[in-house]
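The values are calculated or read from the model by the stated rules, or taken from the named source; none is laboratory data. Computed from a prediction, not measured in an experiment: that's the story for all the values here. Note: ideal-geometry Cβ built from the backbone for every residue, glycine included; neighbour counts use all protein chains shown.
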Amino acid sequence: MRQAGLPVALAVLALAARPLEAQSGQPTLRVQVRAQVVVVDPEAAARDLSSWAEQAGGHFLLWSRDRVILRVPVARVEEMRVRLLERAEAVLAYTPSASDLREEMSRVESAITSREESLRLVLSYLDEADVTATLSLEREIASLVQALEQLKGARTRLAWDAAYARAEIQLRSQGQTIPQRRPSTFAWINTVDLYRFVEGSHER
């Protein structure tokens, strides 16, 4: 028997890394939340939310003076909403959404199963193959192993998306919520229509 080369060794490892059986109740939704809140100190609020996300078993993708993006366990999204309500001066928007991942998960699992079956079949030909055929088979094995790695990476990402909600929170300070019309300290200016005043000055 010809000694197994690197592609064959990789193939064996790929087949050994069997997926866990899907469990009933496994999350299949991608949950996202978009929110806009008014806070006293946006930077402190971003730091607080990022710290909470890590304590809750998630993490932050980004935080700045006016925005924070979190990945939070789906089971704790409601806790995050309550935390925002408690710390915000006002919640201007809070929009949750969800998309079903079952079809995409099923497609990826089917592709993994198909390529694993192809890999087993190719491996079964190795014992009887001559040198030329073996080289061709090893190229096919390498291609299948690469495809399997990509598909299993996609499966991991889908599982992650189903387990962790993505929350993007815009943070505004109280000073940013300026009314559209700010009264002047001069009482007579507040009684003047600015457009007519400017037009009148041009006609002179």
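Return the residue satisfying two criteria in turn: it lies in the stretch 36-73 and is of a type in the set (Val, Ile, Thr) and in contact with a Phe, Trp or Tyr (Cβ under 7 Å, 6 or more places away or on another chain), and of such residues it is surrounded by the fewest Cβ atoms within 10 Å (Cβ to Cβ).
In the first step, residues of the stretch 36-73 are kept if they are of a type in the set (Val, Ile, Thr); the result is 37-40, 68-69, 72.
Remaining after also requiring in contact with a Phe, Trp or Tyr (Cβ under 7 Å, 6 or more places away or on another chain): 68-69, 72.
Numbers: 68: 24, 69: 17, 72: 24.
Here the answer is 69.
Has the stretch 90-101 got at least one residue that is assigned to a helix (DSSP H, G or I) and out of contact with any helix residue (DSSP H, G or I) (no Cβ under 7 Å at 6 or more places or on another chain)? Talk me through it step by step, then tell me what you get.
Kept after step one, since they are assigned to a helix (DSSP H, G or I), are these residues of the stretch 90-101: none.
Looking through the stretch 90-101, none of the residues is assigned to a helix (DSSP H, G or I) and out of contact with any helix residue (DSSP H, G or I) (no Cβ under 7 Å at 6 or more places or on another chain).
Looking at residue 120, is it modelled with pLDDT of 75 or more, among the basic types (Lys, Arg) and within 32 Å of the chain's Cα centre (by Cα)?
Numbers: modelled with pLDDT of 75 or more: yes; among the basic types (Lys, Arg): yes; within 32 Å of the chain's Cα centre (by Cα): no.
No.
Could you say whether any residue in the stretch 104-125 is small (Gly, Ala, Ser), outside the structural domain of residue 43 (by TED's automatic domain parsing) and not in a helix (DSSP H, G or I)?
no
Return the residues of the stretch 142-162 that are surrounded by fewer than 17 Cβ atoms within 10 Å (Cβ to Cβ), of a type in the set (A, V, I, L, M) and at pLDDT 95 or above; say none if nothing qualifies.
Matches in the stretch 142-162: 154 only.
Looking at the stretch 58-92, which of its residues are among the basic types (Lys, Arg) and within 30 Å of residue 158 (Cβ to Cβ)?
67, 71, 76, 81, 83
Being assigned by TED's automatic domain parsing to the domain that holds residue 66 and either of a type in the set (Lys, Arg) or surrounded by fewer than 16 Cβ atoms within 10 Å (Cβ to Cβ) (or both) narrows it down to one residue among 172, 139; which is it? Working first, answer last.
Numbers: 139 fails: assigned by TED's automatic domain parsing to the domain that holds residue 66.
None of the other options fit; the residue is 172.
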